[in-house]
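The values are calculated or read from the model by the stated rules, or taken from the named source; none is laboratory data. Since we're looking at a predicted model, the values are computed, not measured. Positions of Cβ are backbone-derived with ideal geometry, glycine not excepted, and every protein chain shown enters the neighbour counts.
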Number of protein chains: 2
Amino acid sequence: METVAIVGVGLIGGSFALALREAGFGGRILGVSSERTIAEALRHRVIDEGLTLDRACEQADLIYLAGPIHSILDTIPQLDEYAREGALVTDAGSTKQKIAAAGAKLRRAQFLGGHPMAGKETRGVQAAEARLFAGRPYLLTPSRPSDMETPAALDFLAWIRKIGAVPRVLSPDEHDRIVAHSSHLPQLLSTALSGTLGKHPDSEQIAAAAGPGLVDSTRLALSGWDIWRDILETNRPSILEALDTFIAEAQALRARYVTSELEADFADGKEFALRLRNSR
Amino acid sequence: METVAIVGVGLIGGSFALALREAGFGGRILGVSSERTIAEALRHRVIDEGLTLDRACEQADLIYLAGPIHSILDTIPQLDEYAREGALVTDAGSTKQKIAAAGAKLRRAQFLGGHPMAGKETRGVQAAEARLFAGRPYLLTPSRPSDMETPAALDFLAWIRKIGAVPRVLSPDEHDRIVAHSSHLPQLLSTALSGTLGKHPDSEQIAAAAGPGLVDSTRLALSGWDIWRDILETNRPSILEALDTFIAEAQALRARYVTSELEADFADGKEFALRLRNSR
């Protein structure tokens, strides 16, 4: 892999570029973004050159789509016209089934979806960090297992390891079910909690009495709707299922609280919270 | 205030002692705890001397009860026998109505309940930090407004400010309603979320795919049952009300997700999340 095109040079695309550099990538990194973002990315030495989509793709061995989901879905169908034979197209979108379906139609380039489980509240290339993916899961979602075996896919996998991320392979529909629970459900709960408290008649006193727990619990509620509109639109059945499971569990916990103690609930919650920290 | 007795030298009691020292308190700090904790507290120079409850209280101008709620409730009735005339008794328990009712029976000493909104997952005196309360709300819960006007109360308030905390005055029942929402509800949601995911058939994959959002959302689920048993037992009506309000909101959000967009939910959630960060 000698030339990489980052399409959408924001927090994730910019961090991937910086991570490649830090991991010893010696090739060229091209950026496709708005004029303003390209200027910013050049100023921060995140990319080597800003180009249009067609000019960047005709040179790239790896095309890394890091914009919002709707823009990934818009871009993929154009790539067969521009991409080099054997190039790898990947993306960093938060849902995978619709993107994988679009990617499966590519003929000249190979598509392999991905989803780095990293991020922060601050957006944009100026927030990009070379270590954003370090120690974090990097989900790869081949439509067929053989998609992982091509030279381009193996090379990409090696770079994911070199940037310190922990690759995990899932099918696109497994991915969407899993992240509905691991990511989309926590987001909606944080949004619902923050909204509930904001509407409460005592919301000012609640805000004034906030400890570190409430600050953590409302961090996800800071996330932008522009990102979440696409996620909610493209993973509705799995997210509804996750919400239903959670609401039923919250109701059952409430019922147990009325009639008895919640010791077992605390033990179960702690067990999983420790397990996910140990599985990292 | 020349002599302070910390009863229960754990994370909160130990941090209060260290914070006093850092803020320039030149008097003596006595500790009442198990032999092992006293040894640890002396080794870390958190206290000057370990004593029994009676010996410590007969010297103290401020008696700071920092154990679990049930131990605070057990200790308060003994204090009239030991405390000096005019001493101030305060506590750091997470619920206030039952503790305030016990405190109101004191005759020789004055009672003024408190609740520093600070903490972390790690417990014990070895985790104590002088800066634990800095920038955090410190709730004070006088049973009558005049409880704030005594010389001992004014002196204590001045020290709360000196350690960098932000004092806020609430009645004990206001306190319990407010923290049911700001602290107890987030705790139960984190426990319920973590428990839901732990019981899910794909829980291993969910844990392996966890990003920073899920880590934050399950941090409170690490909390110990020994602390929470007392809180849940002493604030049941307000916590049930908070849970009901949240569950209704989650169901309403689910219904809106089926029929339309959640843009307004995201805007409302973000608004409160920003508000509580700005009110700090």
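Couple of notes before you dig in:
- Against the criterion of being modelled with pLDDT of 95 or more, farther than 24 Å from B:Val169 by Cα and not hydroxyl-bearing (Ser, Thr, Tyr), B:Leu53 qualifies.
- Any hit, the range A:153-163, residues being under 13 Å from A:Ser15 (Cβ atoms), modelled with pLDDT of 95 or more and within 14 Å of chain B (Cβ to nearest Cβ): no
- Checking each residue in the range A:126-151 for being away from chain B (no Cβ under 14 Å), aliphatic (A, V, I, L, M) and either farther than 29 Å from A:Arg108 by Cα or surrounded by 20 or more Cβ atoms within 10 Å (Cβ to Cβ) (or both) picks out A:Ala128, A:Ala130.
- Condition check for B:Ala83: touching a residue at least 40 places away in the same chain (Cβ under 8 Å) and surrounded by 20 or more Cβ atoms within 10 Å (Cβ to Cβ): no
- Taking the conditions (1) among the hydroxyl-bearing types (Ser, Thr, Tyr); (2) under 21 Å from the mean Cα position of the chain (by Cα); (3) not in a loop (DSSP other than H, G, I, E, B) in turn, A:Thr95 satisfies each one other than (3).
- Positions within the range A:162-191 being over 21 Å from A:Asp230 (Cβ atoms), touching a strand residue (DSSP E or B) at 6+ places or on another chain (Cβ under 8 Å) and of a type outside the set (D, E, K, R), in sequence order: A:Ala165, A:Val166, A:Pro167, A:Val169
- Hits in the range B:194-222 - residues which are touching a Gly at 6+ places or on another chain (Cβ under 8 Å) and buried (at least 24 other Cβ atoms within 10 Å of the Cβ): B:Ser194, B:Gly195, B:Thr218, B:Leu220, B:Ala221
- Test: residue in the range B:119-133 that is at pLDDT 95 or above, aromatic (Phe, Trp, Tyr) and more than 22 Å from B:Ala87 (Cα to Cα): yes
- Unique match (being modelled with pLDDT of 95 or more and in a loop (DSSP other than H, G, I, E, B)) among B:Gly14, B:Gly26, B:Gly31: B:Gly26
- Test for A:Thr95: is it β-branched (Val, Ile, Thr) and modelled with pLDDT under 95: no
- Listed by position, the strands (runs of 3 or more DSSP E) enclosed by the range A:107-221 that each have at least 1 residues that are of a type in the set (Phe, Trp, Tyr) are A:137-141.
- Restricting B:Phe133, B:Phe111 to those that are without any contact (Cβ under 8 Å) to a residue 40 or more places away in the chain and under 27 Å from B:Ser182 (Cα atoms) reduces the list to B:Phe111.
- Of all residues in the range A:94-112, those satisfying the criterion of being buried (at least 16 other Cβ atoms within 10 Å of the Cβ) and more than 14 Å from every other protein chain (Cβ to nearest Cβ) are A:Gln97, A:Lys98, A:Ile99, A:Ala100, A:Ala102, A:Gly103, A:Leu106, A:Ala109, A:Gln110, A:Phe111, A:Leu112.
- The single residue among B:Ala165, B:Ala102, B:Ala127 that is hydrophobic (A, V, I, L, M, F, W, C), over 23 Å from B:Thr3 (Cα atoms) and touching a Pro at 6+ places or on another chain (Cβ under 8 Å) turns out to be B:Ala102.
- Scanning the range B:225-269 for residues that are facing chain A (nearest Cβ under 8 Å) and either basic (Lys, Arg) or not in a helix (DSSP H, G or I) (or both) yields B:Arg229, B:Arg236, B:Arg254, B:Glu261, B:Leu262.
- Of all residues in the range A:190-202, those that are facing chain B (nearest Cβ under 7 Å) have Cβ atoms under 7 Å from Cβ atoms of residues that are of a type in the set (Val, Ile, Thr) and part of a helix (DSSP H, G or I), 6 or more apart or on another chain, in A:Thr196/B:Thr245; A:Leu197/A:Ile206; A:His200/A:Ile206; A:Asp202/B:Ile178.
- Selection of the range A:138-161 for residues being in contact (Cβ under 8 Å) with a residue 12 or more places away in the chain, small (Gly, Ala, Ser) and farther than 21 Å from A:Asp176 by Cβ yields only A:Ala152.
- Residues in the range B:237-255 that are exposed (fewer than 14 other Cβ atoms within 10 Å of the Cβ) and not hydrophobic (A, V, I, L, M, F, W, C): B:Pro237, B:Asp244.
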